[in-house]
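Okay, so here's the structure we're looking at.
The values are calculated or read from the model by the stated rules, or taken from the named source; none is laboratory data. Bear in mind that the values here come from a model prediction, so they are computed numbers and not experimental data. So basically every Cβ, Gly included, is an ideal-geometry build from the backbone, and we count neighbours across all protein chains shown.
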Amino acid sequence: VVALGGNALLKRGEAVTLENQKKNAATAASAIVKLLANGYRVCVTHGNGPQVGLLSKLQPESALYILDAQTEGEAGYLLQLELHNALSEYAAISGNSALKDTNVSALITTTVVDKNDAAFDHPTKPIGRELDEASIESCKSSGFSVIRDGNAFRRAVASPKPLRIVEFPIIRSLLELNTLVVCCGGGGVPVIEHKTSSSSSLEGIDAVVDKDAVSALLAVELKADALLILTDAAGVIPPDVWTQNLEKQKTMKDTSKWKSELEASVQKDMSSDLDLNQYAAGSMRPKLESAVKFVTDRVSSSTTGNEISLCSPFAAIGPLERALQVLHGHEGTTIWSCNREDSQ
């Protein structure tokens, strides 16, 4: 499962334009097609933070779950289109007809959450653009929560725990038909489930489910060998290392050297007992939590069932443009179980 960050369609600081989103979707598609060309079966998920934040300002009267659905459809369409184009182009260059015959399908996905989840009382999910002082005050006066995200401030919304992906059987069936599936956009549209003795119904609820948490849930259900979380970061950089390098940057004239030194400090391997609390709640921490949960849940399911796997399940976090290198452990940060026996 390949989880694309919100930056897959819109990089930090970029204007929210169709041209920018198409350009970034094409970059993401190129990276994903390289995975397919190397023989990997892939299911793609993606974020929607920048897009849903912008729409919430343009359509303040709209329910957040409706905006989730709108942005999931828009982003899914752009990724589906660019993946189709990238597959066709790569097949023509490489002569790999199997790539050209690969179908791509973007699926609107709904995710069941608990209406009593504590997350509704403590919004931690940053959405939208970086806020200036005037925008911060405007958000607060409108009753919205604002949190620090790195060096900036953004609006925050509730991010409840995903319990079930409603369309999972469809996703699995499409994958079995050799379809490249784009799903769980922005974590899927959050819904709550009303059950009676004879039936059940779904109802949308205002929240944004964390895309990485849903990706981990999807990857476990699919019995995936790997969860690849791709973002605009070189990998997982501990806050103390980041702070030290940030101070070093101030004394450097050549910032490219600072960046290369910082990227060199990325931890290559991490154990599941790492201190997650030192990472930002709205950015890197949920990525790490999702990576650790996937690994622990997959290892547990593979040891208690009859599953046969050629490798220990693992997760990796790294730069989008270098997806294949991140998957192979040459870049980014890799998380696996401490019980891992294979040496690859």
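Only a single item in (1) within 19 Å of the chain's Cα centre (by Cα); (2) over 27 Å from Leu327 (Cα atoms); (3) crowded, with 17+ Cβ neighbours inside 10 Å is not met by Gly73, and it is number (3). Selection of the range 231-240 for residues being in a loop (DSSP other than H, G, I, E, B) and either closer than 17 Å to Ala3 by Cβ or at pLDDT 95 or above (or both) yields Asp232, Ala233, Ala234, Gly235, Val236.
For every residue, the table says whether it meets (1) out of contact with any Asp or Glu (no Cβ under 7 Å at 6 or more places or on another chain); (2) assigned to a helix (DSSP H, G or I); (3) without any contact (Cβ under 8 Å) to a residue 40 or more places away in the chain; (4) closer than 20 Å to Leu107 by Cα.
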position	(1), (2), (3), (4)
Val33	yes, yes, no, yes
Val44	yes, no, no, yes
Lys57	yes, yes, no, no
Tyr65	no, yes, no, yes
Ala69	yes, yes, no, yes
Gln80	yes, yes, no, yes
Leu83	yes, yes, no, yes
Glu89	yes, yes, yes, no
Ala92	yes, yes, yes, no
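Would you please name the residue that is surrounded by the fewest Cβ atoms within 10 Å (Cβ to Cβ), looking only at residues in the range 151-172 that are among the β-branched types (Val, Ile, Thr) and touching a residue at least 60 places away in the same chain (Cβ under 8 Å)? Outline the logic, then answer.
Taking the range 151-172 first, the residues among the β-branched types (Val, Ile, Thr) are 157, 165-166, 170-171.
Add one more test, that the residue is touching a residue at least 60 places away in the same chain (Cβ under 8 Å), and what stays is 157, 170-171.
Values: Val157: 25, Ile170: 15, Ile171: 21.
Checking each candidate, the answer is Ile170.
Of the listed requirements (1) more than 27 Å from Ala8 (Cβ to Cβ); (2) at pLDDT 85 or above; (3) hydrophobic (A, V, I, L, M, F, W, C), Val299 misses just one: (2). Evaluating Ile127 against the criteria (1) within 28 Å of Ala37 (Cα to Cα); (2) of a type outside the set (Gly, Ala, Ser); (3) at pLDDT below 90 leaves one unmet condition, (1).
In the range 46-69 there is no residue that is of a type in the set (S, T, N, Q) and in contact with a Lys or Arg (Cβ under 7 Å, 6 or more places away or on another chain).
Looking only at residues in the range 100-122 that are modelled with pLDDT of 95 or more and among the β-branched types (Val, Ile, Thr), the one that is surrounded by the fewest Cβ atoms within 10 Å (Cβ to Cβ) is Ile108. In the set (1) assigned to a helix (DSSP H, G or I); (2) closer than 25 Å to Ser30 by Cβ, the condition left unmet by Leu228 is number (1).
Set side by side, the residues Arg148, Arg154 differ, and just one is more than 15 Å from Val208 (Cβ to Cβ), part of a strand (DSSP E or B) and of a type in the set (Lys, Arg), which is Arg148.
Tell me which residues, restricted to the range 96-141, are assigned to a strand (DSSP E or B), within 23 Å of Ile66 (Cβ to Cβ) and of a type outside the set (A, V, I, L, M). Steps first, answer last, please.
Quick first cut of the range 96-141, residues assigned to a strand (DSSP E or B) only: 103-106, 110-112, 125-127.
Retained after the next criterion (residues that are within 23 Å of Ile66 (Cβ to Cβ)): 105-106, 110-112, 125-127.
Across the range 96-141, the qualifying residues are Ser105, Thr110, Thr111, Lys125, Pro126.
From the list Leu180, Leu217, the lone residue that is within 22 Å of Val44 (Cβ to Cβ), assigned to a strand (DSSP E or B) and in contact (Cβ under 8 Å) with a residue 24 or more places away in the chain is Leu180.
Residues in the range 183-203 that are touching a strand residue (DSSP E or B) at 6+ places or on another chain (Cβ under 7 Å) and either in a strand (DSSP E or B) or more than 20 Å from Leu10 (Cα to Cα) (or both): Cys183, Val189, Pro190, Val191, Ile192, Glu193, His194, Ser200, Ser201, Leu202, Glu203. List every residue pair whose Cβ atoms lie under 6 Å apart, where the two residues are 6 or more positions apart in sequence or sit on different chains, the first residue falls within the range 220-231 and is farther than 11 Å from Ala316 by Cβ, and the second residue, located anywhere, is surrounded by fewer than 22 Cβ atoms within 10 Å (Cβ to Cβ) and acidic (Asp, Glu). Every condition considered, the pairs that remain are Val220/Asp297.
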